[in-house]
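Please read the structure below before turning to the comments.
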Amino acid sequence: MKSIQIYGIIILLITGACSSADINRILQAAGQGSLTEQEVGSGLKEALIQGISKGADLASMTDGFFKNDLIRILLPEDARRVENTLRQIGLGSEVDRAMLAINRGAEKAAIEAKPIFISAIRQMTIQDAFQILKGEPNAATDYLRRTTESQLVALFQPRIQESLNEVGATKYYGDLANAYNTIPLTTRKIDPDLNAYVTNRAIDGLFTLIAEEEKNIRENPMQRTSALMRRVFAAQD
């Protein structure tokens, strides 16, 4: 019964036919009489900020990317196609060094994404909040991807470039690409530019971690670290 009532809230919100009084009346019927629409929005925002903060913090640790099988950044596709050749001609250590440096660059830049995500969360409407609350396990992550990805790429790309330069990834990978490209009769060249590739993979990795945290909060009440979060997510249990 409660799930039907909550579903009714979402339908009314989507159609624009739901007033504050309507929402509160349905919430009261669902056993959540003291939970206002503002509290639903605030509780969901708390959960999102918690997930983003934890995900960004994990990614920005040493080995946050490199030793996490879910988000480790491999060499760009053109380099992966010829990786065996690179190792056969004695460039194996350069391959390993370049891949480690790429992940170090992503780790160093990951923390810069947090304020961009938080800015998007603060712009979330009550309609967004209710749809996310009763949506799929990754509904909040999908919302963030839709509303932040283009901005994130634009703002994150210069941070990635700085990080790649600082950890030597630009040099290591450029040396590797140039060494391969000078081999006689090589028909497929390696593009030495890493920036766009690492930016996109780093952002994908952050969204993957945020989706994991969102799932934890939805499924595990112990992950709901405030009273408001516990009340709001009780509506979906």
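Descriptive notes on the structure:
- Relative contact order of the range 61-216, taken over Cα pairs closer than 8 Å and 6 or more residues apart, is 35 percent.
- Integer Hz, Karplus 6.51/-1.76/1.60 couplings in order for the range 58-64, x for Gly and Pro: 5, 5, 8, 6, 4, 6, x
- Förster radius 41 Å - calculated FRET efficiency between D193 and N220 (Cβ-Cβ, nearest 0.05): 0.45
- The range 188-237 - charge dipole about Cα centre, Lys and Arg +1 at Cβ, Asp and Glu -1, debye rounded to 20: 80
- Potential lengthening between N165 and L70 on full extension [0.36 nm per residue; Cα-Cα distance subtracted]: 31.7 nm
- Full-extension gain in nm, R122 to Q151, via 0.36 nm per residue minus C-alpha separation: 8.9 nm
- Surface composition of the range 60-170: carbon plus sulfur atoms contribute 46% of the solvent-accessible area (1.4 Å probe, protein chains only, all chains present).
- Pairwise centroid distance, computed over Cα atoms, of the range 148-216 with the range 67-98, Å: 13
- Under a model in which nothing but the beta-carbon of Lys, Arg (+1) and Asp, Glu (-1) is charged, the range 145-237 shows a dipole of about 260 debye around its Cα centre.
- The range 161-224, relative contact order [Cα under 8 Å, separation at least 6], %: 21
- The C-alpha atoms of the range 47-124 occupy a region whose extents along the principal axes are 53, 22, 18 Å, arranged from largest to smallest.
The values are calculated or read from the model by the stated rules, or taken from the named source; none is laboratory data. Predicted model, so just to flag it, every value in this text is computed and none were measured. Neighbour counts run over all protein chains shown; Cβ positions are idealised from the backbone, glycine included. Note: areas computed on protein heavy atoms with side chains; ligands, DNA, RNA excluded. Shrake-Rupley method; radii C 1.70, N 1.55, O 1.52, S 1.80 Å.
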